[in-house]
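Trainee: Shown below is the structure under consideration.
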Amino acid sequence: MTEPTAVPGYWNGKAAVVTGAARGQGAAEALRLLRAGATVHALDVLPEGDETWTALRCAAGPAAQRLRVRVADVASEAAWQALAADIAAAGVPLYGLVNNAGVTLRKTVTETTHAEWRRLLDINLDGPFLAIRTLAGLMPTGAAIVNTSSTAGLTGYFSAAYTASKWALRGLTRAASLELAGRGIRVNTVCPGLVETPMIMQPNAVHDAGRARLFYEGNRDATPLSRGADADEIAAAVMFLLGPEASFITGADLPVDGGMTGGGVYWRIGKSTGNL
C-alpha cells in the first residue's frame with residue numbers, strides 16, 4: 001500500500017461517502033480513505049452481516065472505528081435524504097463523494113428488456129444524480145466528487161444499457177462540475193478498463209463460465225499493458241482526484257485502463273502486423 005495521499009493529514013477530521021463499498025473497487029477506495037484518516041460512510045445493498053463487510057473492517061484495522069456502514073439502495077431518494085441528515089448531525093464536514101456503485105448487463109439493444117434497462121440506469125445513473133443533488137449542499141469549498149464511468153463510456157460497447165449509463169454519467173459529471181465550480185467543489189470521472197475482481201469472470205444469465213472467460217481474455221488482450229488493474233490501482237486514481245493534488249482538475253475524464261482506449265484500433269493492428 002502506497003501513501004494514501006501526498007498531503008499527510010489532509011483527510012483527518014473530514015468525511016467521505018463511497019457507494020458500492022462492500023467489495024471490489026469500492027472497498028479499496030473506502031480503505032484508502034480510512035487509512036488516510038477520513039470518516040467513511042460506506043454504502044452498499046449487501047446486508048451488514050455479510051462477510052464482505054467483515055473483511056473490510058478487518059482490513060481497516062484500528063481505522064474501522066471511523067467506518068460507518070450503511071445498507072442502502074443508491075436508487076432510493078429517501079435513502080440519500082436519510083444519509084444527508086445523519087452526516088449533517090454528525091458534524092464532520094463532507095469533503096469527498098465517490099459514486100462507485102454500479103451493475104452491468106452484457107446484453108445488446110434488442111436483447112435488453114425495458115425493465116432491465118430501467119433498473120440498470122436507476123443504479124448506474126440515477127444513483128450518482130441523487131447523491132450529488134442531495135449531498136452537494138453539505139460539501140464545503142475544496143470538496144470533490146468522483147463518478148465511476150468506464151472505458152465503455154469512452155467508446156462503443158455491445159452492452160446497451162451499461163454503455164448508455166456510463167456515457168450519460170460523463171455528461172452528468174460535466175453538468176455538475178459547471179454548477180459547483182463557483183463553490184470550489186470539483187467533479188471528475190474515473191474510467192476503469194479491465195479490473196481484476198471476482199465479478200469479472202462470474203457466470204451470469206448471458207455468459208456461462210466459458211463465455212465469461214472469453215470476455216475476460218478479450219478485455220485483457222485489448223489492453224496494451226496486457227493485464228487487468230488491481231482494484232487498489234483504481235482507488236489510487238480516485239484518491240488523486242479527491243485530494244488537493246488535483247485542485248485544478250474538474251469536469252475531466254481519467255482513463256485508468258492500461259492504454260485500452262488510448263491505443264484504439266491501431267494498437268491491435270500494429271500488434272497483428274508485428275509492428276508492435
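The values are calculated or read from the model by the stated rules, or taken from the named source; none is laboratory data. Just so it is clear, the model here is predicted, and its values are computed rather than measured. In this analysis, Cβ positions are derived from the backbone assuming ideal geometry, glycine residues included, and neighbour counts consider all displayed protein chains. Only protein heavy atoms, including side chains, enter the accessible area calculation; ligands, DNA and RNA are left aside. Shrake-Rupley method; radii C 1.70, N 1.55, O 1.52, S 1.80 Å.
Trainee: Quick one: what pairs do we get from the stretch 158-180, first residue at negative phi and among the basic types (Lys, Arg), second modelled with pLDDT under 95 and surrounded by fewer than 20 Cβ atoms within 10 Å (Cβ to Cβ), C-beta under 9 Å, 6+ apart or different chains?
Mentor: From the stretch 158-180, the pairs are LYS166/TYR157.
Trainee: I'm trying to understand the selection: among the residues of the stretch 229-253, which are farther than 16 Å from ALA143 by Cβ and open to solvent by less than 60 Å² (accessible area, probe 1.4 Å)?
Mentor: ALA229, ALA231, ASP232, ILE234, ALA235, ALA236, ALA237, ALA252, ASP253
Trainee: Kindly evaluate ARG220 against the criterion of being part of a helix (DSSP H, G or I), basic (Lys, Arg) and surrounded by 15 or more Cβ atoms within 10 Å (Cβ to Cβ).
Mentor: In short, yes.
Trainee: Right, here's the next one. What number of residues in the stretch 247-276 are in a helix (DSSP H, G or I), among the β-branched types (Val, Ile, Thr) and farther than 29 Å from GLU179 by Cα?
Mentor: Total meeting the criteria: 2.
Trainee: Taking ILE200, is it buried (at least 19 other Cβ atoms within 10 Å of the Cβ) and either in a helix (DSSP H, G or I) or at pLDDT 95 or above (or both)?
Mentor: For ILE200, the condition - buried (at least 19 other Cβ atoms within 10 Å of the Cβ) and either in a helix (DSSP H, G or I) or at pLDDT 95 or above (or both) - is not met.
Trainee: Which members of the stretch 38-57 meet the condition of being within 20 Å of ALA143 (Cα to Cα) and open to solvent by 10 Å² or more (accessible area, probe 1.4 Å)?
Mentor: Once the filter is applied, which keeps residues that are within 20 Å of ALA143 (Cα to Cα) and open to solvent by 10 Å² or more (accessible area, probe 1.4 Å), the stretch 38-57 yields THR39, HIS41.
Trainee: Report yes if VAL238 is at pLDDT 85 or above and out of contact with any Lys or Arg (no Cβ under 9 Å at 6 or more places or on another chain), otherwise no.
Mentor: no
Trainee: Output the residues belonging to the stretch 142-169 that are of a type in the set (Ser, Thr, Tyr), open to solvent by less than 40 Å² (accessible area, probe 1.4 Å) and closer than 20 Å to GLY262 by Cα.
Mentor: Matches in the stretch 142-169: THR148, SER149, SER150, THR151, THR163.
Trainee: Only one of LEU178, LEU121 is farther than 23 Å from ALA236 by Cα, open to solvent by 40 Å² or more (accessible area, probe 1.4 Å) and of a type in the set (A, V, I, L, M). Can you tell me which?
Mentor: LEU178
Trainee: Which one of the conditions (1) among the β-branched types (Val, Ile, Thr); (2) under 24 Å from GLY37 (Cβ atoms); (3) modelled with pLDDT under 85 does ILE185 fail to meet, given that it meets all the rest?
Mentor: Status for ILE185: all satisfied but (3).
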